[in-house]
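Take a look at the structure below.
The values are calculated or read from the model by the stated rules, or taken from the named source; none is laboratory data. Keep in mind it's a predicted model, so treat the numbers as computed, not measured. Neighbour counts are summed over all protein chains in view; Cβ atoms, including those assigned to glycine, are modelled from backbone coordinates with ideal geometry. These accessible areas exclude ligands, DNA and RNA; they are computed on the full protein's heavy atoms, side chains included. Shrake-Rupley method; radii C 1.70, N 1.55, O 1.52, S 1.80 Å.
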Amino acid sequence: MRAIVQHRYGKPEDVLELRDDVDKPQVGENQVLVRVSATSLNSGDWRRVYASPAFIRLVAGYRRPKDRLLGGDAAGVVEKVGPGATELKVGDEVFGIRSGAFAEYVSGQHFVRKPANLSMEHAATVPIAGVTALQALREKGNVQPGERVLINGAGGGVGTFAVQIAKAFGAEVTAVTSSDKVDLVRSIGADHVVDYSRTNFTKGGYRYDLIVDIGGNHSFRALHRCLAPNGRIVMVGAGKGMFGVFGRLIGGKVRKSVLKQPVVFFIAYGPYQDQLTTLKELIEAGKVTPVIDRSYPLTDIAQAITYSGTEKTRGKVVITID
């Protein structure tokens, strides 16, 4: 099958290759084989290509990636059902999470039927970014109707889902984003929009019940100044700087354990089926709509990752496989 193979770390055009001789994945117990129609890029993809921050080498492989296949989101059609997989059947249109998704086929168990009102391309944007936003708000943030929620980094993949999910849960949402994305986040339901190039929200005097920090461009202390009594901070993803995720993880642990501050750091985790089902229901109810910045064919994966790495994307970048 055709698939993108990463040989080492570096510029996408130097380290990625489209091969047509990659083995089709086997189907294990409780798994399905999916012919992929579309996938999408997440920050973890371009971070692994560039090995940025450097700690990624400790997890993915020091000199080169141990797993040469790339990608995590997939939308497509079930071609084979493994033993014990009873929820899906051959021919079902599905979306889900599986490593190696920049390929014609993936196999795994984290798939559910895709929303009936979405194309394959739009469905492919949902899994990782949507699950991350949902976990940040519901599992980690315990968002409640009527609460004041601030989303820092609202214009990207996770952020555009977080704004809409927070609204669907009845929150009053303030979205922090760049000048070129103000109209976008307002159009997807944000009650208030802060252009960070003009206003530093941490010095505005407003207090929030929940802050979901995707941008990673403010200190814990600055964010804590913005909390209402009993407010919470949820830190999402790797953040900025050389130490990336380790700095946020250690800082969050110290502040939560030693200083008793309401800070949670996390990266999305499975199992995913229940969360994908919740997202499917929100999308079919018209409460969440994926935002696509642009789409590339699989042959232009290097160009797509280079663009994604600028962190200027409005929503998600899609890769079409067919």
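In segment 4-15, the condition of being within 21 Å of SER308 (Cβ to Cβ), crowded, with 20+ Cβ neighbours inside 10 Å and small (Gly, Ala, Ser) is met by no residue. Which of the residues belonging to segment 165-220 are within 21 Å of the chain's Cα centre (by Cα), at pLDDT 95 or above, open to solvent by less than 30 Å² (accessible area, probe 1.4 Å) and not aliphatic (A, V, I, L, M)? Passing the criteria: THR174, THR177, SER178, LYS181, GLY189, ASP213.
If the condition is being modelled with pLDDT under 60, buried (at least 17 other Cβ atoms within 10 Å of the Cβ) and in a helix (DSSP H, G or I), then segment 230-286 contributes GLY244, VAL245, GLY247, ARG248, LEU249, GLY251, GLY252, ARG255. Could you grab me the full set of residues in segment 56-90 that are among the aliphatic types (A, V, I, L, M), out of contact with any strand residue (DSSP E or B) (no Cβ under 6 Å at 6 or more places or on another chain) and open to solvent by 90 Å² or more (accessible area, probe 1.4 Å)? Scanning segment 56-90 gives LEU58, VAL59. Under the condition of being at negative phi, open to solvent by less than 60 Å² (accessible area, probe 1.4 Å) and not aliphatic (A, V, I, L, M), the residues counted in segment 307-321 number 6.
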